[in-house]
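What follows is a single structure, written as structure tokens, with notes after it.
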Amino acid sequence: MRSRGALEELGLVLSILLGVLLTYYLVRADVVSLTYGNIPLANLYLRAVPDPSSPFTSRSPEVVTSVIWDQRGYDTYFETSVLFIAIIGVLYLAGLGGGQGNSSVSTVIPRVIAKILFPVIVAVSVSVALHGHLTPGGGFQGGSIFAVAPFLYLLVFGRRMLEGKGFRANALVFARSLAVFLITVVGSIVLVVGLLTGVPAFLFQNQPKPQLSPIGYPAYVVLPWGGIFLFSGTLMILNVLEFTAVSTGFTLALVIIDTVTGGRE
Amino acid sequence: MVDPSLLNYVLPVVLGVYGLAYSIYSIVVLRGPTVPDMVLALDVMTVDLIIIYLLIALYYESPMLAIGAIPLASWILLLDFVVAKYLLEVRKK
Amino acid sequence: MTPVIILLLSAFSAVMALIATIKIVYERDVLKAIIISGVESLFYSIILASFLAPDLLIAYIAVGLGLNSAILLYALRGGERYEE
Amino acid sequence: MIDVLLFVLGSSLMVLSAVLSLIGAVGFLRFRNFFLRLHSATVGSIGGGVYGLVGLALLTLSLDVPGYLKYYIFGVAIVSAALVVFASPTGSHILSRAAYRSGEAAPRPLIRDKLKEAGLE
């Protein structure tokens, strides 16, 4: 704190003052009031998404996942592909060389516990991702929980053991590329069908919209024994694909960082 | 079956004591003289937070809030491992 | 109607998060700064829990506490621990 | 009858565990070095965490609320209790090992270092 100049503290104070002033004027000028017509924007989504008679429905009780993958699907696709491009670029720059296989935190206790905890974490993450259209959670959350399990193996057993388990860099890159490609296919298939048959359709469209576009994905299938399996159109498919993309992406990032920083010693 | 209104006698007391423990732990995490102290306090604070999440979920009667407890419980171990690996490998150099 | 004790917990967490941010800015030991940034995401997560945002809560825990700290700690192995 | 028993058992476990958690927190403030604080960390995480989670599961099972709420919170509490039982002692073990071997936390005041005498440093 001694050597920090007066100029930096002045900058800190000035930025805080600027933030307070901006917030005050934005609230006074009513710029940040989030209303659409007379209904607040959040209420609009909360009413429209679970209601099957609304034109903007997703047939899903979970509003956040629907907004992420249906109403704002295009944004989410770009987020996924930005992460994809970043990881591919780092992979290109780093170049996976050889590293030593041993690990420094490995006594017998972590080895046993890692073997016990690996299936538990995988089960939890898959369950979070698979019913992401019914409960909170979804592809990104499930994928980032899944990344704990290979990371545990990486820390305890080293990279050799992880590669023996099937988490090789080539396989991870392949799975990730395939998932991102399939997200594109699932998002654009309605548009392609609409173009071929001469019906208007949207990119990343989920349910058919009356008066705008009559085609779309089905919301549920009737099982042979009479039950209904609700998968909310694209939501469940995209959740599973996003789960694959995010989990393999984070695992790949951790493997790369382990190789790059571990190989320097 | 027990009437849920009986919870109003139990939950505020338990949540208050856990909140007090949580605040003491958070002060220890920010103050703790060495790095292992901070990580250890972070672990115990995380365990406290799991219970606080579940109590909040019970308070609001919305089970969807409870799902955050499981990733939190699985990340405790990882932070310990990463910090331990860092400390051991930096000493080796 | 939010109970008073949950509001008190969120207010305390918000204050502690502010203190943690200031401490990170003035911390010379980068290892300590990384751990405090993990704690800060825990403080935010309790605010998210009391305002009923479970989706954000899961993502915040998994990325803010877990992957962020892990990747920064890994990156620190190739660098200097103490700032000048 | 069994419900009242479950409720009383669960709530008393929760109160016990809350008090244990507070004791662990006070121990963190009062103990002198890292290796002494490990004891209060065990009290805080196993006594204050796992007992509380099991008590919460029993308490939730006895309530007269809709089934999805009851069994969801019960399942989450049991799974996270199992995770904490496995994860927390392992984390403390590996952290204390690293802290001793790297010399990050000095055991002070130190009367006799048997690990050093045995050459297991």
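The values are calculated or read from the model by the stated rules, or taken from the named source; none is laboratory data. Computed from a predicted model, the values in this text were never measured in an experiment. We place every Cβ from the backbone using ideal geometry, glycine too, and count neighbours over all the protein chains shown.
Scanning segment D:64-108 for residues that are without any contact (Cβ under 8 Å) to a residue 24 or more places away in the chain, facing chain B (nearest Cβ under 7 Å) and closer than 25 Å to D:Phe7 by Cβ returns D:Asp64, D:Val65, D:Tyr68, D:Leu69, D:Tyr72, D:Ile73, D:Val76, D:Val79.
Scanning segment B:25-40 for residues that are more than 7 Å from every other protein chain (Cβ to nearest Cβ), surrounded by fewer than 24 Cβ atoms within 10 Å (Cβ to Cβ) and within 29 Å of A:Val120 (Cβ to Cβ) turns up nothing. Candidates C:Ile22, C:Ile36, C:Ile47, C:Ile58: the one that is buried (at least 23 other Cβ atoms within 10 Å of the Cβ) and at pLDDT 85 or above is C:Ile58. For segment D:7-16, the tally of residues that are surrounded by fewer than 19 Cβ atoms within 10 Å (Cβ to Cβ), in contact with a helix residue (DSSP H, G or I) (Cβ under 7 Å, 6 or more places away or on another chain) and either more than 9 Å from chain B (Cβ to nearest Cβ) or over 19 Å from B:Tyr53 (Cα atoms) (or both) stands at 2. Within segment D:72-121, take every residue that is of a type in the set (A, V, I, L, M, F, W, C) and part of a loop (DSSP other than H, G, I, E, B) and give me the one that is farthest from B:Thr34 (Cα to Cα). Per the stated criteria, the residue is D:Ala118.
Look at segment C:43-59: where a residue is closer than 20 Å to A:Leu134 by Cβ and a partner is assigned to a helix (DSSP H, G or I) and of a type in the set (S, T, N, Q), sitting 6+ places away or on another chain with Cβ atoms under 6 Å, you get C:Leu57/C:Ser45; C:Ile58/A:Gln141; C:Ala59/A:Gln141. Among the residues examined, A:Leu162 does not qualify as of a type in the set (A, V, I, L, M) and modelled with pLDDT of 85 or more. Based on this model, can you work out whether D:Val19 counts as part of a helix (DSSP H, G or I), under 19 Å from B:Tyr53 (Cα atoms) and more than 10 Å from chain B (Cβ to nearest Cβ)? Judged against the criteria, D:Val19 is not a match. Checked against the criteria, A:Ile257 counts as touching a Phe, Trp or Tyr at 6+ places or on another chain (Cβ under 6 Å) and either of a type in the set (Val, Ile, Thr) or part of a loop (DSSP other than H, G, I, E, B) (or both). Flag: A:Ile113 does not match the condition of being buried (at least 19 other Cβ atoms within 10 Å of the Cβ), hydrophobic (A, V, I, L, M, F, W, C), touching a helix residue (DSSP H, G or I) at 6+ places or on another chain (Cβ under 6 Å) and at pLDDT below 85. Flag: B:Leu49 matches the condition of being within 30 Å of D:Arg97 (Cα to Cα), in contact with a Ser or Thr (Cβ under 8 Å, 6 or more places away or on another chain), more than 7 Å from chain D (Cβ to nearest Cβ) and modelled with pLDDT of 85 or more. Residues of segment C:46-74 that are more than 7 Å from every other protein chain (Cβ to nearest Cβ) and assigned to a helix (DSSP H, G or I): C:Ile47, C:Leu48, C:Leu56, C:Tyr60, C:Gly64, C:Asn68, C:Leu72. Taken residue by residue, segment B:68-88 has no member that is over 14 Å from the mean Cα position of the chain (by Cα), more than 7 Å from chain D (Cβ to nearest Cβ) and surrounded by fewer than 21 Cβ atoms within 10 Å (Cβ to Cβ). Taking segment D:22-70 as the range and being assigned to a helix (DSSP H, G or I), over 17 Å from the mean Cα position of the chain (by Cα) and more than 20 Å from B:Met38 (Cα to Cα) as the test, the residues that pass are D:Leu58, D:Leu59, D:Thr60, D:Leu61, D:Gly67, D:Tyr68, D:Leu69, D:Lys70.
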